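*Asks:* Dropping a structure here in C-alpha cells format, bear with me for questions.
The values are calculated or read from the model by the stated rules, or taken from the named source; none is laboratory data. Bear in mind the structure is a predicted one, so any value in this text is a computation, not a measurement. Neighbour counts are summed over all protein chains in view; Cβ atoms, including those assigned to glycine, are modelled from backbone coordinates with ideal geometry.
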Amino acid sequence: PTNHLDLESIQALNNSLRDFKGTILFTSHDHTFTQTVANRIIEISPNGTLDKLMEYDEYITDPKVQEQREALKG
C-alpha cells in the first residue's frame, strides 16, 4: 500500500495502522511495512496454516518457526 506515497505519508500510515486497536488483514511485499504494522503473522499454505503472535522479523528468523514453515512446504 505504500508504493506511491512519500516518506511522510508512509510514516503517517504506518503509525495510524500500528495504533489501530482493531484487526487489520493485509498482504504486502514491503518488509518494512510488514515489520512495522504486524504483530501477528498467519501463513496460509495448501498444507496448513501457521499462526504466530510475533513481529515479522522474529517470524522469519525463529528456528522453531523455520522448522514449522519447512514442514508446511512438504
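*Asks:* List pairs: first in segment 34-61 and of a type in the set (Phe, Trp, Tyr) and modelled with pLDDT of 95 or more, second in a helix (DSSP H, G or I) and surrounded by 13 or more Cβ atoms within 10 Å (Cβ to Cβ), Cβ under 9 Å, 6+ apart or cross-chain?
*Replies:* Sorted first by the residue in segment 34-61, then by its partner, the pairs are 56/34; 56/35; 56/36; 56/37; 59/65; 59/69.
Rundown of residues vs (1) within 12 Å of the chain's Cα centre (by Cα); (2) part of a loop (DSSP other than H, G, I, E, B), yes/no style:
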| site | (1), (2) |
| --- | --- |
| 5 | no, yes |
| 15 | no, no |
| 22 | no, yes |
| 25 | yes, yes |
| 33 | yes, no |
| 42 | yes, no |
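*Asks:* Continuing with the same structure: For segment 18-28, indicate whether the set of residues that are among the acidic types (Asp, Glu) and not assigned by TED's automatic domain parsing to the domain that holds residue 61 is non-empty.
*Replies:* Yes: segment 18-28 contains one or more residues that are among the acidic types (Asp, Glu) and not assigned by TED's automatic domain parsing to the domain that holds residue 61.
*Asks:* For segment 1-43, how many residues meet the condition of being surrounded by 10 or more Cβ atoms within 10 Å (Cβ to Cβ), under 23 Å from residue 73 (Cα atoms) and among the β-branched types (Val, Ile, Thr)?
*Replies:* Result for segment 1-43: 3.
*Asks:* Which members of segment 49-74 meet the condition of being hydroxyl-bearing (Ser, Thr, Tyr) and farther than 14 Å from residue 38 by Cβ?
*Replies:* Passing the criteria: 49, 61.
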